[in-house]
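Contents: one structure, followed by commentary.
The values are calculated or read from the model by the stated rules, or taken from the named source; none is laboratory data. Small disclaimer: the values here were computed from a predicted structure and weren't measured. Cβ placement follows ideal geometry from the backbone for every residue including glycine, while neighbour counts extend to all protein chains displayed.
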Amino acid sequence: MSKRLFVIDSNVLMHDPTALFRFQEHDLFIPMMVLEELDHNKKGHSEVARNARQTSRFIDELMGRASKEEIEQGISLDLYKLNDEESINRNEKNESGRLFFQTLAYPNTLPEYLPGSLPDNNILGTALALQGKFNGHSITLVTKDINMRIKASILGLHSEDYHNDKVLEDVELLYKGSDELEGDFWENHGKELDSWVEEGHTYYRLHGPEVENWIPSQFIYTEAGDFEAIVREIKDDTAIIETTRDYTSQEHSVWGIQARNREQNFALNLLMDPEIDFVSLLGMAGTGKTLLTLAAGLEQTLEQKRYSEIIMTRVTVPVGEDIGYLPGTEEEKMAPWMGALMDNLEFLTDTDLGGDWGKAATQDLISKRIKIRSVNFMRGRTFLNRFIIIDEAQNLTSKQLKTLITRAGPGTKVVCLGNIAQIDTPYLSETTSGLTYVVDRFKGWNHSGHITLVRGERSRLADYSSEAL
């Protein structure tokens, strides 16, 4: 089997600078046009600009003081090794290939209908010129640009998407957060059953084979709806579970809001649980993600005094770029992007008590406890005792979400909301979205929880249009 040479497109490196170290023993080739595009995109405060600069730093450190002859022979990628936390360790030898750069002006192999002056076509032409001329390597172009892969196929050049940032092979494998019990579950697991009540909460200790497949903070339920619980602890074939609170009743409503289905009830159990520090809610439009989260935030901030204030943020598309020359403060600049959150907030804070004066007083109280922040200015901050809501999280990369979530200080709860079927950020997909990443990575941590909301509750018109249109 011949050794492979991967020609790396600039969008791969601007998406993930560590891509340089993710091809194991295979060799990499960087065309000169890729370096030009990295240089062109290095300025600014966007994620793309930061990644372009980081890529240049990696390349500069790899090259060190290499001579022209050493560069032509390829630079070893053994300087770095990726550890389990996806970070970079220096000076740990690892089996890897070599990094080659374009040091020659290759003859134009493109057909006349593809002008080589365009950056994408220039990279395609370079990759084509390498075929059969690079020490017997099989050439593969790696790019996140779909149209570029289409062009490569037309030209007979093998191309692939960048797969290392995929969290899952199939989005259907994504953790749902709940599991239905088999019909004979209690017959197989009810013999050695312990139960007790602690501070008004009912707990069970179960033993059996199915218990080993459960995940901490996962919800379990029966089809008939007569039993719902959350898994609190797993040890070998023993599990401790706690029955859920029924938020479908008026008695346990949250800021006047009641759960309308099983998944919404599970969501409110996570949102209202002080032991859960991180919550992710997935679901299509109208499933109640934003309404439930805001209701829980208001209840715990204004009534229970558990949090000092609510921080609301969301990504602005294009991601990380300047939010523009809109007039006003940071909150006023963000207002056009926060329409969905503000619509729900108006619904939750609408009151007839005290007439116009009462409404004005309520809005003034709410405005002092709810802050709207831009994702662009989150770096370096630490939030203490805050209820942080990250809306439209499916449009964030894994690195961006890591930056936001690590801002949480003691006593802070972070809630990520999104619909991975509606991704607007270029080069992100359902399997590479930062929201998919955090759902998968937080799965199994006792202080986090996830629920996928499946039933729309906005209106019968919205529900029908989502299915029929």
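Per-residue answers, yes or no, for (1) modelled with pLDDT of 95 or more; (2) part of a loop (DSSP other than H, G, I, E, B); (3) within 11 Å of the chain's Cα centre (by Cα); (4) more than 21 Å from Glu172 (Cβ to Cβ):
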residue: Thr425; (1), (2), (3), (4): no, yes, no, yes
residue: Gly444; (1), (2), (3), (4): no, yes, no, no
residue: His450; (1), (2), (3), (4): yes, no, no, no
residue: Gly456; (1), (2), (3), (4): no, yes, no, no
residue: Ser465; (1), (2), (3), (4): no, no, no, yes
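I'd like the full set of residues that are in contact (Cβ under 8 Å) with a residue 24 or more places away in the chain and assigned to a loop (DSSP other than H, G, I, E, B), limited to the range 248-258.
If the condition is that a residue be in contact (Cβ under 8 Å) with a residue 24 or more places away in the chain and assigned to a loop (DSSP other than H, G, I, E, B), then Trp255, Gly256 are the ones that fit.
For Tyr113, all conditions in the list (1) at pLDDT below 90; (2) buried (at least 19 other Cβ atoms within 10 Å of the Cβ); (3) more than 34 Å from the chain's Cα centre (by Cα) hold save one; what is the number of the exception?
Among (1) at pLDDT below 90; (2) buried (at least 19 other Cβ atoms within 10 Å of the Cβ); (3) more than 34 Å from the chain's Cα centre (by Cα), Tyr113 violates only (2).
Filtering the range 168-181 down to residues that are loosely packed, with under 14 Cβ neighbours inside 10 Å and at pLDDT 85 or above, which residue is nearest to Leu270 (Cα to Cα)? Walk me through it before giving the result.
Filtering the range 168-181 down to residues loosely packed, with under 14 Cβ neighbours inside 10 Å leaves 169-170, 172-173, 180.
Narrowing further to those that are at pLDDT 85 or above: 172-173, 180.
Numbers: Glu172: 23, Leu173: 22, Glu180: 18 Å.
Restricting to residues being loosely packed, with under 14 Cβ neighbours inside 10 Å and at pLDDT 85 or above, the top hit is Glu180.
Report every pair of residues separated by at least 6 positions or lying on different chains whose Cβ atoms are under 6 Å apart, first residue within the range 206-228 and closer than 15 Å to Thr244 by Cα, second in a loop (DSSP other than H, G, I, E, B) and among the hydroxyl-bearing types (Ser, Thr, Tyr).
Every condition considered, the pairs that remain are Glu228/Thr244.
Might you let me know whether the range 184-199 holds any residue that is in contact with a helix residue (DSSP H, G or I) (Cβ under 6 Å, 6 or more places away or on another chain) and at pLDDT 90 or above?
no
In the range 240-257, which residue that is closer than 13 Å to Glu228 by Cα, within 29 Å of the chain's Cα centre (by Cα) and of a type in the set (Val, Ile, Thr) is surrounded by the fewest Cβ atoms within 10 Å (Cβ to Cβ)?
Ranking the candidates gives Thr244 first.
Given (1) buried (at least 20 other Cβ atoms within 10 Å of the Cβ); (2) of a type outside the set (Phe, Trp, Tyr); (3) at pLDDT 75 or above, where does Asp440 come up short, assuming only one miss?
For Asp440, the failing item is (1).
Any idea how many residues of the range 259-277 are outside any helix (DSSP H, G or I) and farther than 19 Å from Gln304 by Cα?
Total meeting the criteria: 3.
Does the range 149-163 hold any residues that are crowded, with 16+ Cβ neighbours inside 10 Å and within 28 Å of Leu282 (Cβ to Cβ), and which are they?
Correct list: Asp161, Tyr162.
Of the residues that sit in the range 116-132 and are part of a loop (DSSP other than H, G, I, E, B) and surrounded by 11 or more Cβ atoms within 10 Å (Cβ to Cβ), which one is modelled with the highest pLDDT?
For the range 116-132, the residue satisfying everything is Leu118.
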